[in-house]
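Structure first, commentary second.
Nothing in this text is a laboratory measurement; each read-out follows from the coordinates by a stated rule. Everything quoted here is computed from the prediction, not taken from an experiment. Reconstructed Cβ throughout: ideal geometry from the backbone, glycine too, with neighbour counts over all protein chains shown.
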Number of protein chains: 2
Amino acid sequence: MNTISNTSAALSVVNIGADLFADAIEAQGFAVTHVAWRPPAGDQHALMTLLADPRVNEANKIAVERMLSAHPVIVDVRPAHEVISALQKHKLLHAGPPIEWERMCGPMRGAVVGACIYEEWAKDEPEAVALADSGTLDFEPCHHYNAVGPMAGITSPSMPVFVVEDKTQGNQTFSTLNEGLGKVLRYGAFAPEVLERLSWMQEVLGPALGRAIRRLGGVDVRAIMSQALQMGDECHNRNKAATSLFVRQVGADLVETGRSSEETAAVLRFIAGNDHFHLNPSMAAAKAITLAGANVPHSSVVVTMARNGVDFGIRVSGLGDRWFVGPAQYIQGLYFAGFGQEDANPDIGDSAIAETSGVGAFAMAGAPAIVQFIGGSPADALRYTREMYDITVSSNPLFGLPSLDFQGVPTGIDIRQVCRLNMLPVINTGIAHRLPGVGQVGAGIVYPPMECFEKALSALAM
Amino acid sequence: MNTISNTSAALSVVNIGADLFADAIEAQGFAVTHVAWRPPAGDQHALMTLLADPRVNEANKIAVERMLSAHPVIVDVRPAHEVISALQKHKLLHAGPPIEWERMCGPMRGAVVGACIYEEWAKDEPEAVALADSGTLDFEPCHHYNAVGPMAGITSPSMPVFVVEDKTQGNQTFSTLNEGLGKVLRYGAFAPEVLERLSWMQEVLGPALGRAIRRLGGVDVRAIMSQALQMGDECHNRNKAATSLFVRQVGADLVETGRSSEETAAVLRFIAGNDHFHLNPSMAAAKAITLAGANVPHSSVVVTMARNGVDFGIRVSGLGDRWFVGPAQYIQGLYFAGFGQEDANPDIGDSAIAETSGVGAFAMAGAPAIVQFIGGSPADALRYTREMYDITVSSNPLFGLPSLDFQGVPTGIDIRQVCRLNMLPVINTGIAHRLPGVGQVGAGIVYPPMECFEKALSALAM
């Protein structure tokens with residue numbers, strides 16, 4: 001829609017919404033002021049009802065206050081089955097909303113195969129596939145156990161996991177240990193080197209970190225993230241500062257509790273060699289933050305966004321454990337040399353918990369260097385963060401961004417505002433190859449499908 | 001000066017230079033566009049001569065190209081007397097331009113006393129003062145030996161120093177190891193705890209770092225600074241990222257070459273506990289960068305800015321080893337609780353080598369969080385960097401700032417532009433208490449005295 005006012009000598013035009021009107025008028029030589037506007041998404045009656053309902057505002061306030069009060073601390077590293085008691089033989093956790101073996105994408109199937117060999121439930125790929133085909137394996141989302149896993153997110157009983165405790169609410173959340181880049185299980189690789197690394201992580205890395213962290217009395221992951229957000233990380237696709245701060249904090253205790261200097265040096269070298277090592281504890285912390293805001297009746301705040309490589313699912317505070325699902329999207333970004341869009345798997349992983357908690361792409365204003373990795377300019381990074389204030393309930397003063405005069409990151413996505421403004425939460429993410437085991441082929445920006453929010457909106461209004 | 005044009009209905013005023021004219025006109029209700037302008041500084045004939053001399057531009061190009069080509073790498077940590085052969089019994093190096101014992105400020109006198117006791121040239125303060133009073137001690141600037149020291153900068157023969165080698169030019173530069181905050185020698189403290197720490201640094205920290213760095217084959221300090229500048233450091237008063245990256249890089253080799261896990265843990269804990277640990281290697285690297293640009297005939301590029309707490313001195317590429325000196329200034333900034341301007345010593349230390357090389361306050365656009373420490377707003381941090389492009393010859397593409405679309409830091413201060421624009425290089429710095437041993441009492445912004453540049457300008461034109 002546009003308005004032409006011709007009260008003075010020159011024609012001045014304000015165009016609202018679709019660009020094509022503005023373009024047509026500009027082509028005729030007139031100045032046009034463009035106002036971004038899109039019609040609201042979802043059921044309009046449900047939207048009006050929820051926007052007018054004072055209980056929703058009140059519930060959102062409570063949900064976000066709880067999120068902002070969360071104080072996640074890494075308290076231990078333990079084998080997953082010790083802290084997630086349901087995770088026993090033939091059970092695997094995966095990223096995103098529920099999905100059956102038959103519908104899983106390439107990287108997730110590869111990771112399942114790898115996990116079966118790693119757990120010695122199968123001796124090779126054909127045996128693992130047969131096991132999965134036979135229905136013997138029990139698949140469930142990581143999120144159902146307050147766990148989160150990047151990319152395929154496959155978590156099996158013997159894998160060591162970070163145990164993060166919310167010192168305010170008392171909840172525990174979990175995430176696996178980051179394997180690094182290249183051929184890794186989370187991208188569906190199960191070559192011998194991948195399985196050897198996983199065994200070393202189980203036997204050496206996990207126990208060493210567990211000893212050091214217990215001796216330290218915990219690592220304040222919220223404090224690390226808070227500092228890292230002032231050091232160019234956004235705690236999703238840039239984790240260089242957080243990883244460095246983590247090494248710096250645990251180094252001396254790793255040495256003092258190490259079984260040998262050889263082992264300790266290997267542990268330090270492994271962590272130091274992986275700029276993304278701290279992604280996983282940041283994800284568990286983000287899970288702790290969002291979990292704190294879950295299950296507030298009437299609240300329209302999003303507490304989960306997760307993808308399994310086929311479906312994108314969200315969960316909303318006032319709607320309990322229900323998933324609202326739509327198709328996972330393709331990522332717009334930069335590809336590594338030799339790869340292109342035809343290689344890409346749709347959006348995958350639990351790492352969008354970062355954005356759900358207020359970091360990741362929501363904090364990109366503090367991480368301008370990330371555009372070298374995901375594309376765009378530093379100005380885009382600022383814009384992404386600024387836009388997200390329009391669809392969030394509050395901001396997190398503990399996660400202040402220097403480039404925005406220390407304003408806190410936008411926190412608490414409100415499905416009502418997403419639908420009203422027709423503006424989706426922005427996510428930055430790695431791009432997985434669609435075939436198992438190739439690994440990361442790029443990184444970029446992706447959005448959830450709007451239908452997740454539309455479905456949740458209707459459900460909340462019922 | 002200002003211009004009033006009254007050709008249209010409304011009066012429109014452009015004011016150039018002094019604010020008071022603009023203020024007076026604004027007070028009368030007219031709109032004023034203010035253009036910052038100050039009359040040039042220094043001898044105008046000398047300035048015109050040098051601006052018109054093509055040899056100066058050519059020489060500056062060479063000087064700055066050499067600076068940008070410098071590749072400083074930490075290759076070792078050794079006792080100072082092993083790498084600076086002139087540094088033997090009763091000789092001490094100090095920050096800034098040359099100064100005699102009688103004119104030294106409180107913190108520098110305290111550091112001299114501490115160094116004499118540490119070296120066992122005196123058993124206590126009275127003996128040390130008597131030694132200094134007797135003329136037995138030989139004082140010389142750190143810079144005369146390509147060394148740099150923060151604050152008092154006192155460097156004695158037994159102190160371990162970082163050995164930084166410029167892999168392009170082959171020069172070696174040196175700096176002591178950072179003691180941390182609180183009671184420390186560089187602020188003039190010589191209490192038993194200060195001397196005990198210095199002994200531990202000599203016996204444990206220095207040798208441990210030397211072994212690890214030699215085994216690593218060197219630590220690329222330019223690469224660390226380049227990353228740190230994208231992680232919120234400006235490599236002078238914010239060194240958190242660089243310190244973390246350094247620990248991360250040397251950790252495993254410290255473990256593997258350590259004499260015991262107890263000692264290695266103590267070394268890691270000491271470095272991890274000091275956000276400014278990497279200031280000193282960054283200073284030695286900055287010295288290597290500026291040294292590369294020194295001694296180019298006709299060049300008007302500044303290659304040294306240093307303060308001894310009484311005098312501020314600069315040296316210029318085309319003027320060899322001559323110092324051009326003026327009074328050290330007081331710092332505008334934030335004081336720690338319980339301290340105020342009456343406690344402050346004038347500007348002190350060799351750390352302005354940071355700004356001379358293009359980092360420090362020149363790179364503040366990349367370190368907005370620093371304003372919490374030195375005062376001002378993130379917008380000021382951007383402005384400081386932007387202004388410095390006006391008085392520098394080039395920018396350093398290896399030190400790109402994400403917030404300025406990866407533009408390199410302004411590099412190569414041209415005394416001609418400083419005088420022409422009457423715009424001084426900005427320096428951010430710690431504020432030392434004027435009495436020995438109290439330590440840091442704040443941090444802020446300071447400028448050199450213009451007379452350093454005016455004297456150098458006249459000398460270069462001769």
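Worth a mention:
- Taken residue by residue and averaged, Cβ atoms of other chains lying within 10 Å of the Cβ of B:268-280 number 2.
- Residue by residue along B:252-261, Cβ atoms of other protein chains within 10 Å of the local Cβ number 6 on average.
- Descending semi-axes in whole angstrom, ellipsoid equivalent of the range B:1-152, from the Cα gyration tensor: 53, 25, 15
- Computed 3J(HN,Hα) for the range B:284-291, one whole-Hz value per residue from the Karplus formula 6.51 cos²θ - 1.76 cosθ + 1.60 where θ = phi - 60°, is 5, 5, 4, 5, 5, 5, 6, 4, glycine and proline marked x.
- Residue order, fewest to most beta carbons within 10 Å, for B:Met104, B:Met48: B:Met48, B:Met104
- Cβ crowding within 10 Å averaged over residues, with B:286-297, A:259-270 ranked highest first: B:286-297, A:259-270
- Note on the range B:144-292: with charges restricted to the Cβ of Lys and Arg (+1) and Asp and Glu (-1), its dipole about the Cα centre is near 160 debye.
- Options A:Met151, A:Ile289, A:Gly180, ranked by Cα towards positive dipole end of chain A, top entry (Cβ charges): A:Ile289
- Per residue of peptide A:375-381, the mean number of Cβ atoms on other chains within 10 Å of the residue Cβ is 2.
- Counting every other Cβ atom within 10 Å of each residue's Cβ, A:Asp321, B:Asp233, B:Asp253 order from fewest to most as A:Asp321, B:Asp253, B:Asp233.
- Per-copy distances of the B:Gly338 label point, shortest first, in nm (7 angstrom along Cα→Cβ): 6.1
- About the Cα centre, charge dipole magnitude for the protein assembly as shown (Lys/Arg +1, Asp/Glu -1 at Cβ), debye: 0
- Each part reduced to its alpha carbon centroid, the range B:228-280 and the range A:241-316 end up 22 Å apart.
- Debye, to nearest 20: dipole size of chain A, +1 on Lys, Arg Cβ, -1 on Asp, Glu Cβ: 760
- Radius 9 Å from Cβ of B:Val325, net charge of other residues (Lys, Arg +1; Asp, Glu -1): -1
- Mean-position separation - Cα centroids, the range A:99-147 and the range A:185-206, in angstrom: 16
- Net charge of Cβ neighbours under 10 Å - reference B:Ala86; Lys, Arg +1; Asp, Glu -1: -1
- Neighbourhood charge, 14 Å Cβ-Cβ cut-off, centred on B:Met225 and excluding it, Lys, Arg +1 and Asp, Glu -1: -1
- Database remark: amide H of A:Ser395 closer than 5 angstrom to the amide H of A:Thr411 (H placed geometrically; neighbours at sequence offset of 5 or more, or on other chains; Pro and chain starts carry no H).
- Rounded to the nearest 10 degrees, the angle from helix B:378-388 to the longest Cα principal axis of chain B is 80 degrees.
- Rounded to the nearest 5, the antiparallel percentage of DSSP beta bridges internal to the range B:72-283 is 70%.
- The mean sequence separation of alpha-carbon pairs under 8 Å and at least six residues apart, normalised by the residue count of chain B, gives a relative contact order of 20 percent.
- Given A:Lys240/B:Lys167; A:Lys89/A:Lys183; B:Lys89/B:Lys123; B:Lys167/B:Lys287, the pairs whose alpha carbons are separated by over 19 Å: A:Lys240/B:Lys167; A:Lys89/A:Lys183
- Mean separation of Cα contacts under 8 Å (6+ apart) over length of the range B:325-462, as relative contact order %: 33
- Residue order for A:Trp200, A:Trp323, A:Trp101, fewest other beta carbons within 10 angstrom first, comes to A:Trp200, A:Trp101, A:Trp323.
- Relative to one another, the C-alpha centroids of the range A:350-380 and the range B:318-370 are positioned 34 Å apart.
- Packing-based ranking of A:150-162, A:348-360, B:118-130 yields A:348-360, A:150-162, B:118-130, ordered from highest to lowest mean Cβ neighbour count within 10 Å.
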